[in-house]
Structure formats: C-alpha cells, structure tokens
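J.: So that we are looking at the same thing, I have put the structure below in structure tokens.
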Amino acid sequence: MLQLNASSSRWTAFFLLFLALCSLLTPAVTVKHENFKTCDQSGFCKRNRAYADSALSTSSWSSPYKLEASSVRFDKGLLTGIVTKTVGDETIRLPLSVSFYESGTARVTIDEEKRRKGEIELRHNSKARKERYNEAEQWAIVGGTVLSKGAATTQGAEKGTTRVAYGPAGAFEAVIKHSPFGVDFKRNGETQIKFNGQGMLNVEHWRPKIDKPVPEKKEGEEEKKGGEESAEVDTNVVTADDEGTWWEESFGGNTDSKPRGPEAVALDISFPGYQHVYGLAEHTGPLSLKETRGGDGKYTEPYRMYNSDVFEYEMDSPMTLYGSIPFMQAQKKNSTVGVLWLNAAETWVDITKSSSSANPLSFGIGATTTTNTHWISESGLLDVFVMLGPKPQDVIGTYSELTGYTQLPQQFAIAYHQCRWNYVTDEDVKDVDRKFDKNKIPYDVIWLDIEYTEGKKYFTWDPMTFADPLGMQKQLDEHERKLVAIIDPHIKNEGNYYVVDELKSKDLAVHNKDDNIYEGWCWPGSSYWIDCFNPAARTWWQSLFRYDRFAGSATNTFIWNDMNEPSVFNGPETTMPKDNLHHAGWEHRDLHNLNGLTLINATFSALLARSPAEVSHPIRPFVLTRSFFAGSQRLGAVWTGDNQAAWPHLEASIPMLLSMGISGFPFAGADVGGFFGNPSKELLTRWYQAGAFYPFFRGHAHIDTRRREPYLAGEPYTGIITQALRLRYALLPAWYTACHEAHVRGEPIVRPNWYVHPEDERGFELDDQFYVGSTGLLAKPVVREGQLESQEVYLADGERYFGYFDFEGYQGPGVVKVSAGLEEIPLLMRGGHVIPRRDRPRRSSGLMRWDPFTLVVVLGKAGDAEGTLYLDDGESFGYEEGAFIHRKFSYSAATSVLMSEDLAATGAGGSKKAKEYLKGMEKVRVEKIIVVNAPAAWKGREEVEVSEEGAGKSGAVRKVGMEWFAGEGGKAAWAVVRDPGVGIGRGWKVAFA
Ligand code: NOJ
C-alpha cells in the first residue's frame, strides 16, 4: 500500500488544489445532452425516419400520395389541385398549390382539408386553433411573391404529368407527377431538384383518438409484472404508424398534451449531381453539411432546428442551437440551387449522399454524387420554395427578395463593441471608456448585461449602481460612442413593477395550455413572457421604450434582446411547453422558431418610434438577437451565443459565420475571447485578429470570468490587439460597402470560397478562409494554438495575390504559405481590386466621419483593377432619399487611368437630404492612392495628371507627385500618389502615363 508521509500529502493537497484551479480555468466542455431530445426521443422525427426506412427498404414501396388529375387548375402562375393520401379505406384530401413567381422562384404548398375547415376535434378541451399553422409567411416573407405572367403549362411526352415552364426565358420547368405525387424541377431540361423521388412525403392527417378497450383478465391469469411488460416493448422498433407518440409525449419531466394528435409533415428533396449542401444555420459543424445516417465521420442524428438555449454547446454537432434558418443551397461545378422549407415548428433534416459511376473501372471519373435530404417538421403546412440559380448570387438574391435584406447597419454597429456580464456601475463604464482612450484603443459601443437593472426588472436601472445613466451616456457621447442595454422577453412576476402589472392587466403574455397566463423561471425567478405575436403586445412594448418611460435611456442607447428562443429554465428543453397558447390560439409548437424574430421585430419598431422629433431623420435601430429565423436579418445583428474560451470554439466560429452569411443573415459575430472561461493571452490575441474579420465584432465574457478588456492583456498582446482593432477601423469603408451589398443584393458580408469561385470544385469544402465582400480581401485568421510560423492559404484561381501588409506576391491557383507570427493576420489582396480605407487612427468610428480616404489599387495579372465604395451618414435613413455616395473606381492597363465614376444614382432625385449630405461631404477627399503591383514602366516617373469634374473650366489638369518603389525579394512593386486632392464624392481621373 502506498504510504503518504507529511510532505507527500502536502504535495497531494497542492496537486488537488492545482487540479481544482485548472478546472476553473478550463472551460466546461460538455453540453447537457440529457436536456435535449435526440430524434429517437422526438416522436415525429422517429416516426418519419422509420417511414423513410420503409420507403428505402421495401421493394414494393409506393408512396400513397396522388394528385387527382381532374382537380388540376392553372391560372396566372398558380397551379392548384387536390393530392390524396390513401390509407386503407380512407382517403385524405390535401389541397395543393404550386406558385410560380416573377422572381423565378417556385413554391409548393400542401395543406390538409379537414384541419383547414376546422372539421377536427381537439382533445383535453384545448382552445388551440384547428388549422395547420399558416402564418409563418406573414413573419418571414416580405417580397418576391408576384405570380409570374409568363409561366405556362406545356405538353410533355410523359403521361400522368403536368408541366409548367417558368423562370428567366422559360428556362425552368416543374414536372408535376400525378401518381405517386412528386415534382421534378428542371433548368434547361436537366433535373436539379426532386420532391418525393424517394417516396418519403408524409402528411400526418388528423384522426380521432380511439381508446382501445383494456383486455379483460381471464380467470386464473396472473398479473404481468411491470418489468416483464416493458421487456416486451422494443422502443427501437417504431413504425410510421406507431401510436405510442401520437397523443402525448413526455421528456425531462414535462408532458406535452398534443391536443391535435400527430400532424407532422415530411418530404424528401434530392439534388441529383450535387455533391455539397450548405445552410441550415445554426450548427457548429463544417460549412459543407455532413451526412447524418451514420458511417465513418458522419453524424448519426439529423440536423435539428428547434431554437434552444443550448448551454455549453459542443463542436461539430448537428444539435440545435439558438436560431434556425431552414434554407439550403446545393452546389456542383458552376451550379447552385436552393430550397427554403418555410416551417417554424421543430424541424429535423437528414442528409445522405449516393454516388453512381457510369463505369465501375472509371476510377471515380464521371461518377456523380446525388445529395438526398429528408425534411421533417412537427406541424404546420408543407411549404417549400425552390430556387434554381444557377449562380450562388441568384439563389441568395431570390432568397433575400423573399425574406428581406439585411438591415443596413449603422456605422458604429460594424465597429468594435465592448461587452461583458457585467460592467457593474456607471462609474465602471466611464472608467473602461477612459481606459480605452488612455491606451489609444478604438471602440464604439459599450454594453450592459442584466445586472444594470433593479432586480432583473427590465426598463429599470439599479439605483445603487447605476444612479446616473444619463451622465454615463453623456460621457460616451463625447466621443460619439453608444450604449447597448439588454432587455429580455421574460418579465419578472413581482408586485409593484409597472411592466408586469400592465402585461397582466392587458393580457399580453403567452398563455399555458389551459389558457391562463404561463409562468416559468428565468433570470428574475418567476416570470411571464410577452407574446409578440399579438399586435397589441407589440404596441405596448413600443410604449415601454419611450424616453419618458424608459427613463435613463438616451438617443445613444440601443438594445440587446437575449434569451428569446425563449429560454425558460424550468421548461422542457429549456424552453416553453409546446402546448402553450399564443395570440389567436396558435400553439407554441407551431411557431416556436419564429418566437425570437417576433421579439426583435417589436423592439425594432419601438426604437424606430422613439427616434426623437428633433432629429430630422429617424436613427436606424440597432438590435442584437440571439434567436432567429428566416427574415430576422431585416431587424438586426446576431451572435452565436455562449461559446467557450477554447481554441476549437475560435475555429468553429468561422464556418458558423460563413454559414450565417450564405443563409441570408450575414450581420453575425461570435463572442470574441469566448464567453465561458478565461482565454490565454495567445488565444485572446488570435481571437481579436479573427474578430476583426467578423461582420459583427464584439468582445464578451461570462460574469465569472476575469476582466479582459484589450488594455489589460499587457505587451505585446495589447499592442497586437490594438493593431487588429485599428485594421478593422481602417477598413470600415470596405466593410460598410460589403454591408451595403448585403442590404441591396442579399450577398454575404464574408464569403466562402465556393461562393466566390463556384467553378472550383476543390474549394467547395473550404470553410476556414473567406473574402470580405467583393473587395478581394482574402483572410485566413489563425485559429490554432502555437501556430506562430505560417498559415496555408488556398488560392482558387490563376490571379496574382499580394500580402496586405507587405505586398508579398503569391500566384494562384494552389496553396501558398503566408507568414503568421503572433502579430500577423494572414490577409491577402486578390489582384484586380480597389480597396477603400481610412487610415487615421481615431477613438471611434463616428469621429472618422470627415476623414480622408486611401485607395489601394491592386493590379491583377491583366494589369486592371476595379472596386466600389458605398458611403452615407452611417446612422439615418437619409440614404433612402439619395443621401449617399456610391462610386466605382477602375484602373485600366490600356489607358493607365484610374477613374472614379458615379454608380447608380448618388444623390438620386436631388432631395434636400441628398443635397445636404453631399454638401457636407464636399471637402472629404482622397489623401493617398497606393498602387500595388505597379508596372515597372512607371519607374522614374514622378508625376501623375489629375483631373476632377467641376474643377474649374473644362476640368483643369493638375500634376501631382508620385513615387514608385521596386519590390524586393518576392514583393510586388508599388507606387504612391500623395494627396491627389480629389473629392471622394466626385468624378475624377488620375492618369499614370
Ligand atoms: C445569455 C447570453 O447568451 C449571454 O451572452 C449573457 O451574458 C447572459 N445570458 C446574461 O444575460
């Protein structure tokens, strides 16, 4: 036996203490799996997987759905008919509509006649609505649904089909098969997407619960023991008709009463010839979605979308997270297509791939992969939108037209945000603010988490700790800084709190299944939840933000809506019971994934409404949300929730944000530094370098963590972090231009390789490097510990690339090594682009308003370059009336001229606001032009000729000095024109030869 002497036991004590300390430092890494359902524990998911298995494994499988040919009508872009489902003697009627929109999008909707007509009975005297939920559209869809005049039925050779030609130049076709019912979507005659090709379509129809008589005990028969009985039930064997989960389901001590019985909808959607699918945000796995039915390195669970407060979420997992966008894009060489599954109920998606090769000896050449997906939702309509591309921009463009474009963020919103749970007093906030200045570190926004309130009562300030909120905000305003305060949707159930009193007396909270106010637990303890599906609740919510009611808030206060899945600490899966009732009698089950969107919608309008009268244009609202659905992008920014101060979380943040970008919600970020735990200084530094390339850039930390404001890190870390922040600030014009592209075209702000190079199959899986808008900036932040030498960057094309900081030249295609010391961010500039910057270091972005610009002209292999700049006041809606500057800069090797041209309609309509804005910007000029990869022929040249529109008669030509520098080693030559003196909003030319 091991003997411990006094000193060894002391060491043991030290060791144990050390371990305990380590466990405090190392963030917890395991999600509480037992709190969240697997597909097997979710009745409808399990039933539909079983249904899919039968469809695939039964040779005689025939889908029981038929389109009644005689019911089909087609008029003005809309096809209607009745799909029947035959089960035994019963025929269930399912109204079908297939809409063809001007945008080239097609939409297939299936309802259930009996539920639609209300001819069903609800159990347990429920007051729930009888129809399938049909209002997701009201929240998610805002445009792009004008029926196509050009769509027309066509004759096909195939019998038993109805065919409709539609889309641009009639290049798209929907082949609607009657028996079994299915739809093939074709582009130029080639099938791109198939519905029900695998026979997994399943609409669980309404049926009454028939209580089976309990079999009578025969005399002399012994009572079965519980153990014996359960031994007979094999829970793994479930058929699609297994009644066990139809009428009631329990999980984690909560029972769902399911008054409408089983009502799932499911469909297989295949993408023939497509190797990759992307989307289904938000998950932690790779950008190119994995297969989900087991096998080497594949998931065994489907991707789940059921917005939840998933505490300590895990990496590389199909588990659900805080938000859901049921939008998927499929990619093959030079072709992108997409589907939007418009359903706000709990949804699971299985993905499998099958390969076929024409010739077994062809070694994979000519083999095609088909991606099969199986979508399963608990309730609601079957409602799917189909986009046939062919470019990624076409798919995201039509998706964004449908669900809305990203709000154009305010300038401060894309600058740096400093948050933690919590800045504890108003003096603390002022102190942090001063310390940023003292250390010359730029920042724009400081945040207050829940502790600023009096006892977690939102719209109040703790009088002990935040006695002077207005004074605090006045100090912030001196440097044009803002405050974001948290307001959550749970309202404390406590006497003498006007908010809860009004909520109750006006009956604006979510109800429980018995139609009484629903009570649950969250930060304040016992709470009620505002029901933002109710228009009256939204009006009331708006009133709470008025300056006279939310006293202490100011014009520079903006809002953070957290916990809006909603998070309910004692609820099933940390959220609300599904049989809770919302406005108009909809069950929570039907609209769960929309809940977060409705809250930020109410907050957004509240901020709009409170815009002060003395401001001539209302200020654009800023709202941060944790929970989201398709359409939330119209209303604010999003972050990826409670990550951890661990390297894998830094690494995962990049595919997660790229996924948000291609899912139409690009204004997204992850907590810089990691929420739980304390990052090492190296991790913190690398995280800031990566965060400087997140569209939404915010440092945040849990209440139990140590303070980690950038100035606390110490040298060299503080200096390196400051450089990363300054880089972000210098590039704000490029970021803002990228945000504008998201706002008008739905394009991602940070773009994955496949999106920019859809022709390059080798890059389809890349998700650790990305482009910033269309600037040609290609970043690959370091996300691994101890990687201090170099970073490999993949160049997709044959263009020339250059180091951002040192102009080192790289030639694509292929993998290149870029230097990656701790102080370096691997960042390249693709040849052929012009990048706008503002180089003067300032305390905040607001103070950069009148600063001059630097244009970096990166000549590509053809010697040309092109780029754009979008600029406005960064805070108002004046841009809607033409108060903006939108320029195109282009350099042509043929003429050796760099020119600035008006893009679109700067100052459109000549409105008063546009004139005022442009007048204010008149003096803002370009102070420097840097030409990277400058031609050797410029050597010895010392001047350029500058002409500017409106500069004197016939645009007089001025000579301005230029310097040319030879590139040494592998570096490109460059040239600098200092102070060409041209206006940023003006047309001008700079002739280099
Ligand atoms: C959960 C959020 O995800 C986190 O960011 C926040 O700090 C806490 N709630 C406290 O409000």
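J.: If I ask for residues that are under 21 Å from Asn307 (Cα atoms) and away from the ligand (no atom under 16 Å from the Cβ), which ones from the stretch 633-651 would you list?
T.: Gln633, Arg634, Leu635
J.: With the checklist (1) touching a helix residue (DSSP H, G or I) at 6+ places or on another chain (Cβ under 6 Å); (2) within 16 Å of the ligand (Cβ to nearest atom) in hand, flag the one item Gln329 doesn't pass.
T.: (2)
J.: At least 2 residues that are in contact (Cβ under 8 Å) with a residue 40 or more places away in the chain in each: list the strands (runs of 3 or more DSSP E) lying fully within the stretch 814-888 that qualify. If you could, list the steps in order and put the result at the bottom.
T.: Working: elements: 814-819, 827-830, 833-837, 853-858, 865-872.
Strands (runs of 3 or more DSSP E) meeting the threshold: 827-830, 833-837, 853-858, 865-872.
For (1) polar (S, T, N, Q); (2) surrounded by fewer than 18 Cβ atoms within 10 Å (Cβ to Cβ); (3) away from the ligand (no atom under 14 Å from the Cβ); (4) not assigned by TED's automatic domain parsing to the domain that holds Asp309, each residue gets a yes or a no:
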residue: Gly520; (1), (2), (3), (4): no, no, yes, yes
residue: Trp529; (1), (2), (3), (4): no, no, yes, yes
residue: Phe533; (1), (2), (3), (4): no, no, yes, yes
residue: Ala537; (1), (2), (3), (4): no, no, yes, yes
residue: Ser543; (1), (2), (3), (4): yes, yes, yes, yes
residue: Thr557; (1), (2), (3), (4): yes, no, yes, yes
residue: Pro572; (1), (2), (3), (4): no, no, yes, yes
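J.: Search the stretch 444-476 for residues being of a type in the set (D, E, K, R), open to solvent by less than 40 Å² (accessible area, probe 1.4 Å) and not in a strand (DSSP E or B), and hand back the single one that is nearest to the ligand (Cβ to nearest atom).
T.: Among residues in the stretch 444-476 that are of a type in the set (D, E, K, R), open to solvent by less than 40 Å² (accessible area, probe 1.4 Å) and not in a strand (DSSP E or B), the one nearest to the ligand (Cβ to nearest atom) is Asp449.
J.: Can you pull out the residues in the stretch 574-589 that are open to solvent by 10 Å² or more (accessible area, probe 1.4 Å), more than 16 Å from the ligand (Cβ to nearest atom) and part of a helix (DSSP H, G or I)?
T.: His583, Ala584, Gly585
J.: Condition (residue is within 16 Å of the ligand (Cβ to nearest atom), within 32 Å of the chain's Cα centre (by Cα), over 30 Å from Gln411 (Cα atoms) and not basic (Lys, Arg)) applied to the stretch 477-493: is it met by at least one residue?
T.: yes
Here's the yes/no breakdown for (1) part of a loop (DSSP other than H, G, I, E, B); (2) loosely packed, with under 14 Cβ neighbours inside 10 Å; (3) assigned by TED's automatic domain parsing to the domain that holds Tyr804:
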| residue | (1), (2), (3) |
| --- | --- |
| Ser947 | no, no, yes |
| Gly950 | yes, yes, yes |
| Glu963 | no, yes, yes |
| Arg986 | yes, no, yes |
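J.: Right, another one. Got a sec? Which strands (runs of 3 or more DSSP E) wholly within the stretch 242-318 have at least 3 residues that are open to solvent by 10 Å² or more (accessible area, probe 1.4 Å) and more than 16 Å from the ligand (Cβ to nearest atom)?
T.: Answer list for the stretch 242-318: 249-251, 254-256.
J.: Here's something else I'd like to know. I need a count of the residues in the stretch 534-555 that are more than 26 Å from the chain's Cα centre (by Cα) and in a loop (DSSP other than H, G, I, E, B).
T.: Here the count works out to 11.
J.: Here is a check on your reading of the model: is Glu741 closer than 22 Å to Ala281 by Cβ, at pLDDT 95 or above and more than 16 Å from the ligand (Cβ to nearest atom)?
T.: Yes; evaluated as a whole, the condition is true for this residue.
J.: Six or more apart or on different chains, Cβ atoms under 7 Å: show the pairs whose first residue is in the stretch 39-63 and over 21 Å from Gly252 (Cβ atoms) and hydrophobic (A, V, I, L, M, F, W, C) and whose second is open to solvent by 20 Å² or more (accessible area, probe 1.4 Å) and part of a helix (DSSP H, G or I).
T.: So the pair list comes out as Trp61/Ser54.
J.: Let me ask another. Within the stretch 865-895, which residues are farther than 19 Å from Ala738 by Cα and surrounded by fewer than 17 Cβ atoms within 10 Å (Cβ to Cβ)?
T.: Result: Ser892, Ala893, Ala894, Thr895.
J.: Tally the residues that are touching a helix residue (DSSP H, G or I) at 6+ places or on another chain (Cβ under 9 Å), of a type in the set (S, T, N, Q) and buried (at least 20 other Cβ atoms within 10 Å of the Cβ), restricting the search to the stretch 148-196.
T.: The total comes to 1.
J.: Keeping to the stretch 658-679, report how many residues are open to solvent by 10 Å² or more (accessible area, probe 1.4 Å), more than 18 Å from Asn307 (Cβ to Cβ) and in contact (Cβ under 8 Å) with a residue 60 or more places away in the chain.
T.: 3
J.: Considering only residues of the stretch 106-155 that are assigned to a strand (DSSP E or B) and of a type in the set (A, V, I, L, M, F, W, C), which is nearest to Leu94 (Cα to Cα)? Talk me through it step by step, then tell me what you get.
T.: First, pick out the residues of the stretch 106-155 that are assigned to a strand (DSSP E or B): 106-110, 147, 152-154.
Filter once more, keeping what is of a type in the set (A, V, I, L, M, F, W, C): 106, 108, 110, 147, 152.
Working: Ala106: 19, Val108: 12, Ile110: 6, Leu147: 22, Ala152: 24 Å.
The extreme case among them is Ile110.
The values are calculated or read from the model by the stated rules, or taken from the named source; none is laboratory data. Everything numeric in this text was worked out from a predicted model, so none of it was measured. No Cβ is skipped: glycine too gets one built from the backbone with ideal geometry, and neighbour counts run over all protein chains shown. With ligands, DNA and RNA removed, areas are computed over all heavy atoms of the protein, side chains included. Shrake-Rupley method; radii C 1.70, N 1.55, O 1.52, S 1.80 Å.
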